[in-house]
Amino acid sequence: MSFTLAIVGRPNVGKSTLFNRLVGKRLALVDDQPGVTRDLREGAARLGDLRFTVIDTAGLEEATDESLQGRMRKLTERAVDMADICLFMIDARTGVTPTDEIFAEILRKRAKHVILAANKGEGRAADAGVIEAYGLGLGEPIRLSAEHGEGLNDLYAQLQPLADAF
Ligand code: GDP
Ligand code: MG
């Protein structure tokens with residue numbers, strides 16, 4: 001009846017903002033500095049009539065410290081393995097980056113189900129990034145604005161049929 005959703009993606013795309021919105025409490029750290037959240041956080045999420053567990057992950061650090069990068073990758077892989085569904089988030093304003101491609105590869109190999117979200121999707125500045133997201137080959141991207149609460153109906157529409165399977 002219930003499932004676990006892991007929000008994964010590189011730092012600063014808006015994972016914790018979405019986590020906070022789904023959980024309704026400020027459990028995860030949100031900061032303007034990329035990579036502030038460096039652990040896994042679990043919360044009880046609600047979206048419409050769906051109830052599920054959501055995991056907020058730190059992304060793959062782009063820092064030069066290789067051991068940190070390795071740790072972040074391991075953390076993401078741990079979250080992917082814990083999750084029934086992964087929500088892979090990119091920043092629609094930036095478009096698809098090489099780091100996003102690394103994440104996409106991990107998810108293609110490892111995740112049971114992937115939902116692709118192009119966040120920061122409010123406004124015309126996100127148009128090109130949303131189109132680019134199709135190129136990841138992970139299905140139709142959801143145009144999301146975690147900060148403004150836009151696109152959550154589309155997230156629901158992709159989650160609901162999968163939720164029925166659990
Ligand atoms: P994380 O590192 O992936 O967890 O990203 P955060 O949730 O900490 O967000 C990073 C930054 O992006 C913060 O300054 C957020 O306010 C901002 N942000 C998150 N979602 C959106 C969005 O939908 N639109 C815009 N414009 N900014 C957002
Ligand atoms: Mg975060």
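Does the stretch 5-19 contain any residue that is at pLDDT below 90 and more than 13 Å from ligand 1 (Cβ to nearest atom)?
Scanning the stretch 5-19, I find no residue that is at pLDDT below 90 and more than 13 Å from ligand 1 (Cβ to nearest atom), so the answer is no.
Within the stretch 55-69, restricting attention to residues that are surrounded by fewer than 23 Cβ atoms within 10 Å (Cβ to Cβ) and within 15 Å of residue 11 (Cβ to Cβ), which residue is modelled with the highest pLDDT?
Ranking the candidates gives 69 first.
Please go through the stretch 31-54 and pick out each residue that is touching a helix residue (DSSP H, G or I) at 6+ places or on another chain (Cβ under 8 Å), modelled with pLDDT of 70 or more and within 15 Å of ligand 2 (Cβ to nearest atom).
Result: 39, 40, 41, 43, 54.
Restricting to the stretch 100-119, name every residue that is part of a helix (DSSP H, G or I) and crowded, with 17+ Cβ neighbours inside 10 Å.
Hits for the stretch 100-119 are 100, 103, 104, 106, 107.
Evaluate the stretch 80-94: report whether one residue or more is surrounded by 13 or more Cβ atoms within 10 Å (Cβ to Cβ), under 15 Å from the mean Cα position of the chain (by Cα) and either modelled with pLDDT under 95 or assigned to a helix (DSSP H, G or I) (or both).
For the stretch 80-94, residues surrounded by 13 or more Cβ atoms within 10 Å (Cβ to Cβ), under 15 Å from the mean Cα position of the chain (by Cα) and either modelled with pLDDT under 95 or assigned to a helix (DSSP H, G or I) (or both): present.
For the stretch 122-133, indicate whether the set of residues that are outside any loop (DSSP other than H, G, I, E, B), crowded, with 21+ Cβ neighbours inside 10 Å, under 12 Å from the mean Cα position of the chain (by Cα) and modelled with pLDDT of 95 or more is non-empty.
no
Taking the condition modelled with pLDDT of 90 or more and not charged (D, E, K, R), does residue 28 pass?
Criteria not met by residue 28.
Within the stretch 119-128, is there a residue that is of a type outside the set (A, V, I, L, M, F, W, C) and in contact with a His (Cβ under 7 Å, 6 or more places away or on another chain)?
Yes, because at least one residue in the stretch 119-128 is of a type outside the set (A, V, I, L, M, F, W, C) and in contact with a His (Cβ under 7 Å, 6 or more places away or on another chain).
I'd like to verify a number: residues in the stretch 139-156 that are surrounded by fewer than 18 Cβ atoms within 10 Å (Cβ to Cβ) and more than 12 Å from ligand 1 (Cβ to nearest atom), how many?
So the answer is 5.
The values are calculated or read from the model by the stated rules, or taken from the named source; none is laboratory data. Computed from a prediction, not measured in an experiment: that's the story for all the values here. As a convention, Cβ positions derive from the backbone with ideal geometry for all residues, glycine included, and neighbour counts pool all protein chains shown.
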